[in-house]
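Visitor: Structure incoming, see below.
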Protein chains: 2
Amino acid sequence: MVEASVPAGGTGARIPVAATAPEDGQWVRPAKDYASSRYSGLSEINASNVASLEPAWTFSTGVLRGQEAAPLVVGNTMYVVTPYPNLLYALDLTKPGAPAKWTYQPKPVSTSQGEACCDVVNRGPVFANGTVIYATLDNNVVAVDTSGGTERWRTSVGNIARGETMTMAPLVVKDRVLVGNSGGEMGVRGWLKALDVKTGKVVWTAMSTGPDSVVLIDSTFKPFYPKDRGANLGVKTWPGTTWQTGGGSVWGWISYDPALDLIYYGTANPGPWNPAQRPGDNKWTSTLFARRPETGMAVWAYQMNPHDLHDYDGINENLLLDIPWNGAQRHVLLHPDRNGYMYAVDRETGEVVYAKPFVHITSSDSVSTKTGELALDPTKEPRVGRVVRDICPAAPGGKDWQPSSFSPRTGLVYVPHQNLCMDEEATAVSYIAGTPYVGMNVRMKPGEGGNRGFVTAWDPVQARAAWRIPENFPVWSGTLVTAGDVVFYGTMEGWFKAVDARTGKLLWQYKTGSGIIGQPVAYRGPNGKEYIAVLSGVGGWSGAIVAGGLDARDSTAALGFVNAMRDLPAATTKGGTLYVFAIR
Amino acid sequence: MVEASVPAGGTGARIPVAATAPEDGQWVRPAKDYASSRYSGLSEINASNVASLEPAWTFSTGVLRGQEAAPLVVGNTMYVVTPYPNLLYALDLTKPGAPAKWTYQPKPVSTSQGEACCDVVNRGPVFANGTVIYATLDNNVVAVDTSGGTERWRTSVGNIARGETMTMAPLVVKDRVLVGNSGGEMGVRGWLKALDVKTGKVVWTAMSTGPDSVVLIDSTFKPFYPKDRGANLGVKTWPGTTWQTGGGSVWGWISYDPALDLIYYGTANPGPWNPAQRPGDNKWTSTLFARRPETGMAVWAYQMNPHDLHDYDGINENLLLDIPWNGAQRHVLLHPDRNGYMYAVDRETGEVVYAKPFVHITSSDSVSTKTGELALDPTKEPRVGRVVRDICPAAPGGKDWQPSSFSPRTGLVYVPHQNLCMDEEATAVSYIAGTPYVGMNVRMKPGEGGNRGFVTAWDPVQARAAWRIPENFPVWSGTLVTAGDVVFYGTMEGWFKAVDARTGKLLWQYKTGSGIIGQPVAYRGPNGKEYIAVLSGVGGWSGAIVAGGLDARDSTAALGFVNAMRDLPAATTKGGTLYVFAIR
């Protein structure tokens, strides 16, 4: 099922040295390193022996919703966060079968379940300062002492009554815990906050909409493109006060370049989805931001999708890579956006080095690297009272939250993603705090070829796919790549797969109990052996039909995703189990 | 941890030929054969290679309660029944990872959850006549067509409003589906029913209490012991009309001897537990019955625990064995009773051939094979207003529902059981339909030695334990023994273990996601290989503290079981996953 083969040798792409993590056998932050590479330097499990991989032990999380978290490994302990009610387990890796040393249970506000748009997932914790830190669905950020599971601090940062929830994995940079909110379908107003890692006190808040003063923009702010320049665009690009309910939530990934001392993250879609209700660019939604971690001040911004028409959140991961390009070495972040383009953006300036399609796109024609502008296809603009058909990619984009990985050995980026198109019809919608604020009837369907997912190996230097693996369902899990030249990912049927990092050839697979939408990680156990761990348990937006028990007859359920996933309940069941694999 | 070793060679005990099942690689009824041996003739996985066993695939049941069912294998399909809401999955073994061919979902009455005393378990289905037949918690017996998962018939046989539920695995004998009810803690009145396998129509009902006419006793009824003889004892051994709410439910196991054409099963405890409210023998509770399968007429009965004081249900399994005893070949059923004695009872007459303790017993001194009488220790009788201490075994008995297995190769019976004592104080209680009717405050605690469970290898010919394996928690899973001379069982921590059938030596173990209280089975897959399957997912009476999220501070919760299981929540988590193991 592999369409092409990787170029021999590496592509020339590299992880910037300052953003790498030492290979100490641990996995202490969501993406392993600040570059978001999800690359493990372990090579005991490799392409020639991975066929012998087997489940070493398993652990039931006790919660049957979508399991999107990356397990962390710190010292001899593994930390696993469940979906709501967001339990945190500390598993003792020094003992066979890894029993729980302790369990931390936040006291969640039960109404938060009703506010989550797309299952009650959690994308995992981060380790820092002797604590495991994560965000609960009900907008608390908690720091739990690793020594005994007691709560070091807990900070409430959002308001459920406004429809705010939290699902993202924090990142800690210097002494700042960086966290953002979810709720773009409820008319929330997005923000990224920095909390003091020792006390949990909020140090700064960068709003995604509103006047420059609250977006943390001052005279030093230098967007690369004129289209992103001007005063108070977070107000002026909206009609009236609609920026106050305009979305731009921050529920995805954060990267950090220590050399430039800049953090990178994207903001989500504008609200409501119905674009007629918000004429203008709707800044700063669907935007990449570069900010200073200590002050939060914006250094540059680039709006991928001005006046977004199709729920193309900009929250996807940003892999920090240095690549040769047109004879020069460019320091870029690689950003596979929901709009279907793989962006390489200069980390220092925000210039688009390239933006090339990684999926079939009908909603736009191209991205100009000169102006930074996305050339929309006007026939695909949703309208009230008219069904616009065959918009590709669909609302979850060419790729959603599920994070890619990069191997410095192959030079390839392994992108897990979907292949979906949609029909849309806009509807008028009124804002009522804490209720859905969408204004769009969506019906998704499989894209070209009929398969709904791919793992694409992207050559960041040639700016094209080296090969891709089609999957029946969206590939909603993250990928992991190791120095053993093996890429791991899971399918929504529940297969956990190992493929050759150079060719995509399937080397091994194992059927877990439920669909996999988690993030695989690699670590070295106390016995010195390499292990691969992943959560199994279908759900998330794509799997809400199973995790939430949605009615397949309602084609617009789960914001239209159900229409493309009617056969998922026949392919998998609810689950919630950690699988840990090793070679005996 | 093994205390002794097995005698060399077999013990001389045999499964009666007529009650064996051909080794066709299938597992079509709960205990594999009518003798209830749970013996698999497969030997590909054996004591010398079982250390290479590994999980071949897993399947999430999507339900997080105690998983007590035995998976069935019929042809190339595996059938798995979940706890309430009692889904039935048909898994296609011809395809890697065994995806579901179809799922049958009964329309359950949700109030049944509140009526179950001890978690909402289901002990599995039976295959007959092209259908998979099982009982739902809300008292429906359903026959589901194996060809497409459609409901062939569905018969309502009980009344939730009276506190009746169903948890047992039916057995089909000839064209009769034999099923009984649960609810001994709600003042239900027990029964066993026979339904026509083709239509589901009730053919006969044998009540456990009441006049002979409804207990299906006529002049041909011949109990072996005078204590069990007399007219209408199901009424006369009760004060007033208390027999109408007197318990004797039938929620355990049924065996069948085709040569004698007799079915065997036991009845549960009398209600309420407070014995002062029901002076008399309380027939026919805590009783073994032999009946004709076609008419239901009783042939003999033997009451193990007249006027039961301690919730010693008689529902445990009856293994049909032929054993040499005092120079003669005796055709017995081996019955490990909750009262702590291993009974060998003549299958034809009901004579007690022997009754020997298999656990530490303080509640009684002995059983007379002459009179059939249990010699109670009067100091252990519970009283109102007085706490009676150190009653052994505790209410769940020396052994509860978890079924034993027997190997004709070793001649040993592998008994999974608990090691618990209790303090009891009786309280007055009034009957209100559909509510708990117990009248006893119970606090359980570990028995002698401090460990709460054992696997005991019982030599049925020497009438003593050959060896035993202590376990920290009650061994609440069934055992399986194979022609490979391996015994499989699970622990409440989640370990699935393989031990040498001759010595008890641990050969292999694997940590599943949650505590195991299921019934392991062996089968031959379509590829000709041997597989071992078991459900993982803690719960049941012993695991209710986890599955039901009970408060450990209430020492009398779960009828006093919580007091002995306060540390279980630290040892395991809720789960619901099928594990299938093989050697690669």
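The values are calculated or read from the model by the stated rules, or taken from the named source; none is laboratory data. Predicted model, so just to flag it, every value in this text is computed and none were measured. Methodologically, a virtual Cβ is constructed for each residue, glycine included, from the backbone with ideal geometry; neighbour enumeration extends over all protein chains shown. Accessible surface is based on the protein model in full, side chains and every heavy atom, while ligands, DNA and RNA are left aside. Shrake-Rupley method; radii C 1.70, N 1.55, O 1.52, S 1.80 Å.
Visitor: With charges only on Cβ, +1 for K and R and -1 for D and E, what is the dipole size of the range B:140-261 about its Cα centre, in debye, rounded to 20?
Guide: Charge dipole, the range B:140-261, about its Cα centre: 180 debye, nearest 20.
Visitor: For the range B:445-462, take each phi angle, set θ = phi - 60°, evaluate the Karplus expression 6.51 cos²θ - 1.76 cosθ + 1.60, and give the result in whole Hz per residue in order, putting x for glycine and proline.
Guide: Going residue by residue, I get 7, x, x, 3, x, x, 7, 9, x, 8, 10, 10, 8, 9, 8, x, 8, 7 Hz, with x marking Gly and Pro.
Visitor: Among B:G12, B:S213, B:S52, flag the residue with its Cα farthest along the positive direction of the charge dipole of chain B, charges on Cβ as +1 for Lys/Arg and -1 for Asp/Glu.
Guide: Positive-most Cα among the choices belongs to B:S52.
Visitor: So the label point sits 7 Å from Cα along the Cα-to-Cβ vector; using that for B:P378, what distances do you get to the other copies, in nanometres, sorted shortest first?
Guide: 10.4
Visitor: How large, in percent, is the carbon and sulfur part of the accessible surface of the range A:322-381 at a probe radius of 1.4 Å?
Guide: Percent of accessible area from carbon and sulfur atoms in the range A:322-381: 48.
Visitor: From the residues B:Y302, B:L233, B:P270, which one has its Cα farthest along the dipole of the range B:202-348 in the positive direction, the dipole being from +1 and -1 charges on Cβ of Lys/Arg and Asp/Glu about the Cα centre?
Guide: So the residue furthest toward the plus end is B:L233.
Visitor: Could you pull out every one of the aspartates and glutamates with an alpha carbon less than 17 Å from that of A:K201, ignoring same-chain neighbours closer than 8 positions?
Guide: Answer for A:K201, where 17 Å is the Cα cut-off: A:D145, A:E151, A:D175, A:E294, listed by chain and number.
Visitor: Using only protein heavy atoms and a 1.4 angstrom probe, determine the accessible area buried between B and A, summed over both sides, in Å² to the nearest 100.
Guide: Chain pair B/A: roughly 2100 Å² of buried accessible area.
Visitor: Could you give the dipole magnitude of the protein assembly as shown about its Cα centre, charging the beta-carbon of Lys and Arg +1 and that of Asp and Glu -1, in debye to the nearest 20?
Guide: With only Lys, Arg, Asp and Glu charged at Cβ, the dipole is about 40 debye.
Visitor: For the range B:424-520, max minus min Cα coordinate along each principal axis, in Å, sorted largest first?
Guide: Principal-axis extents of the range B:424-520 (Cα, largest first): 53, 37, 26 Å.
Visitor: Also, I was wondering about something else. Over all directions, the average projected area of the alpha-carbon convex hull for chain B comes to how many nm²?
Guide: Mean shadow area of the hull around the Cα atoms is 22.2 nm².
Visitor: Cβ under 13 Å from A:A571's Cβ, A:A571 left aside: what net charge do those residues give with Lys, Arg +1 and Asp, Glu -1?
Guide: +2
Visitor: For a test of the definition: using alpha carbon positions, the gyration tensor, and the 1.5 limit on a/c, classify the range B:217-261 as rounded, prolate or oblate.
Guide: It is oblate, given that a/c is not under 1.5 and a/b is not larger than b/c.
Visitor: Mind putting together the pair-distance distribution for the range B:451-584? All Cα pairs, 10 Å bins, whole percent per bin, short to long.
Guide: 12, 40, 31, 15, 2, 0
Visitor: Another one. Which entries in A:K222/A:K356; A:K174/A:K198; B:K193/B:K283; A:K574/B:K529; A:K95/B:K445; A:K107/B:K574 show an alpha-carbon gap greater than 21 Å?
Guide: A:K222/A:K356; A:K574/B:K529; A:K95/B:K445
Visitor: Let me ask something else about it. Using protein chains only (no ligands, no nucleic acids) and a 1.4 Å probe, work out which residues of the range B:491-535 have their accessible area cut by at least 30 Å² relative to the chain alone.
Guide: B:W495, B:Y510, B:K511, B:G513
Visitor: When the convex hull of the C-alpha atoms of the range A:138-190 is computed, what volume per residue in Å³ does it have?
Guide: Roughly 86 Å³ of hull volume per residue.
Visitor: What number, in percent, do you get for the relative contact order of the range B:307-356 if the mean sequence gap of Cα pairs under 8 Å and at least 6 apart is divided by its residue count?
Guide: Answer for the range B:307-356 is 26 percent.
Visitor: Probe of 1.4 angstrom, ligands and nucleic acids ignored: what's the accessible area per residue over the range A:352-413, in square angstrom?
Guide: Using a 1.4 Å probe on heavy atoms only, each residue of the range A:352-413 averages 37 Å².
Visitor: Calculate the mean, over all residues of peptide A:568-577, of how many other protein chain Cβ atoms lie within 10 angstrom of the residue's Cβ.
Guide: Mean number of neighbouring Cβ atoms from other chains: 6.
Visitor: Rounded if a/c is under 1.5, else prolate if a/b is larger than b/c, else oblate: which is the range B:52-104, with a ≥ b ≥ c the root eigenvalues of its Cα gyration tensor?
Guide: Judged from the Cα gyration tensor, the range B:52-104 comes out oblate (a/c at least 1.5, b/c at or above a/b).
Visitor: Right, here's the next one. Carbon-plus-sulfur fraction of the accessible area of the range B:37-131, 1.4 Å probe, in percent?
Guide: Heavy-atom surface of the range B:37-131 belonging to carbon and sulfur, 1.4 Å probe: 50 percent.
Visitor: What are the extents of the Cα atoms of the range B:157-296 along their three principal axes, in Å, largest first?
Guide: Largest first, the range B:157-296 extends 43, 36, 21 Å along its Cα principal axes.
Visitor: With a Cα-only, solvent-free Debye model of the protein assembly as shown, what are the log10 I(q)/I(0) values at q = 0.04, 0.06, 0.08, 0.09 Å⁻¹?
Guide: Log10 of I(q)/I(0), two decimals: -0.24, -0.51, -0.83, -0.99.
Visitor: Can you give the accessible area per residue of the range A:438-584, in Å², using a 1.4 Å probe?
Guide: In whole numbers, the range A:438-584 has 24 Å² accessible per residue.
Visitor: Going by amide H atoms built from the backbone, whose H comes under 5 Å of the H on B:L507, apart from near neighbours?
Guide: Long-range HN contacts for B:L507: B:A498, B:V499, B:D500.
Visitor: State to the nearest 20 debye the size of the charge dipole of chain A about its Cα centre, where the only charges are +1 on K and R beta carbons and -1 on D and E beta carbons.
Guide: So the magnitude is around 460 debye.
Visitor: Given the Cα atoms of the range B:236-341, and with Rh set as the inverse mean 1/r over their pairs in the Kirkwood sense, what is Rg to Rh to two decimals?
Guide: Taking Rh as the inverse mean 1/r over Cα pairs, Rg/Rh reads 1.02.
Visitor: Taking the Cβ-Cβ separation of A:K174 and A:N232 as r and a Förster radius of 25 Å, what is the calculated FRET efficiency to the nearest 0.05?
Guide: Using R0 = 25 Å, I get an efficiency of 0.30.
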